[in-house]
Amino acid sequence: MFHIVSKILTFFLMPAGIICILLIYAISTKNRTKSRKMVIATLFFFYIFSSPFITNEILLWWEVPPTAISTVKPHDIGIILTGGTINTTRQPAENTYLGGTSDRIGQTLQLYKLGKIKKILISGGEVPILRKTTSREIDQIARYLMVSDVPKDDIYLEDRSTNTHENAVNSATILKKQFPNQSYILITSGFHLKRAISCFEKAGIKITPYGSNYLSSERQWVPTYFLPAGGSMADLQLIFREVIGYITYWIFGWI
């Protein structure tokens with residue numbers, strides 16, 4: 001229930017939700033002057049929220065900068081967080097369909113193949129009330145790693161977590177019990193790293209952060225970069241959600 005309520009409430013604080021609220025007010029108000037102002041405000045926010053340049057500047061501010069893989073020292077455990085890495089709603093279930101954040105898997109594989117990590121802990125459970133799935137994301141990731149020549153004995157699963165706070169707490173339990181006093185590297189999306197780092201530190205686990213599937217890019221000064229784009233609003237939605245999530249976690253004392 002927490003997940004459903006939080007997603008509904010969060011929607012109205014995101015770009016699409018703000019635009020919907022402004023449009024509803026513009027349509028429902030009987031004051032023509034206010035209606036015109038709301039339409040103008042809607043167009044203004046639409047441009048701000050869908051501008052690739054503005055979105056990228058926000059992304060550069062929020063995302064933890066990437067790390068050159070050559071500078072990463074060897075670690076004992078690589079912790080990869082689930083969440084959109086696999087499309088688990090498609091059939092047949094025996095196939096592996098990579099999702100939007102699948103670069104988390106790709107970066108983990110690179111770290112393993114280059115000897116930067118010795119073992120891999122996959123952390124993340126399912127929230128079945130949110131959608132119907134044909135398989136578990138965590139199992140699909142493990143299978144993909146094994147197909148990519150990662151030995152099964154080097155893969156560990158933590159499948160009880162339903163959010164980043166639980167990822168940290170449940171992973172900490174495993175790490176302290178099975179791999180105490182070892183070195184850990186945390187692999188997740190660049191936009192998700194701030195919240196993840198804080199959660200793991202709160203759980204008493206010292207980690208080295210390592211980002212993946214970065215949404216930001218180097219600054220560009222081309223005309224098309226200032227034209228509205230639907231993808232920019234989608235990226236901004238993720239950042240809004242992360243900022244709201246970070247504040248919520250701080251209120252709950254999870255970071």
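The values are calculated or read from the model by the stated rules, or taken from the named source; none is laboratory data. Since the structure is predicted, the reported quantities are computational estimates derived from the model, not experimental observations. Neighbour counts run over all protein chains shown; Cβ positions are idealised from the backbone, glycine included.
Some points to look at:
- First in segment 138-165 and within 17 Å of Asn87 (Cα to Cα), second anywhere and of a type in the set (Asp, Glu), Cβ under 6 Å, 6 or more apart: Ile138/Asp159
- Scanning segment 61-115 for residues that are assigned to a helix (DSSP H, G or I) and touching a residue at least 24 places away in the same chain (Cβ under 8 Å) turns up Trp62, Ile69, Asp103, Arg104, Ile105, Gly106, Gln107, Thr108, Leu109, Gln110, Leu111, Tyr112.
For (1) touching a Ser or Thr at 6+ places or on another chain (Cβ under 6 Å); (2) over 13 Å from Gly211 (Cβ atoms), each residue gets a yes or a no:
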residue	(1), (2)
Ile80	yes, no
Gly84	yes, yes
Asn95	no, yes
Thr101	yes, no
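- Residues in segment 223-252 that are among the β-branched types (Val, Ile, Thr) and in contact with a helix residue (DSSP H, G or I) (Cβ under 9 Å, 6 or more places away or on another chain) were compared, and the one that is farthest from Thr164 (Cα to Cα) is Thr224.
- Residues of segment 152-170 satisfying the condition of being in a helix (DSSP H, G or I) and out of contact with any Lys or Arg (no Cβ under 6 Å at 6 or more places or on another chain): Lys152, Asp153, His165, Glu166, Asn167, Ala168, Val169
Yes/no per residue for (1) at pLDDT below 95; (2) crowded, with 18+ Cβ neighbours inside 10 Å; (3) more than 23 Å from Thr173 (Cβ to Cβ):
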position	(1), (2), (3)
Gly106	no, no, yes
Leu121	no, yes, no
Val127	yes, no, no
Lys132	yes, no, yes
Ser135	yes, yes, yes
Ile141	no, yes, no
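- Qualifying residue in segment 71-82 (condition: within 29 Å of Gly230 (Cα to Cα), touching a His at 6+ places or on another chain (Cβ under 8 Å) and not charged (D, E, K, R)): yes
One line per residue, one yes/no per condition, for (1) more than 28 Å from Ala16 (Cα to Cα); (2) out of contact with any Lys or Arg (no Cβ under 9 Å at 6 or more places or on another chain); (3) surrounded by fewer than 18 Cβ atoms within 10 Å (Cβ to Cβ):
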| site | (1), (2), (3) |
| --- | --- |
| Ile138 | yes, yes, no |
| Val150 | yes, no, no |
| Asn181 | yes, yes, yes |
| Ile187 | yes, no, no |
| Arg219 | no, yes, yes |
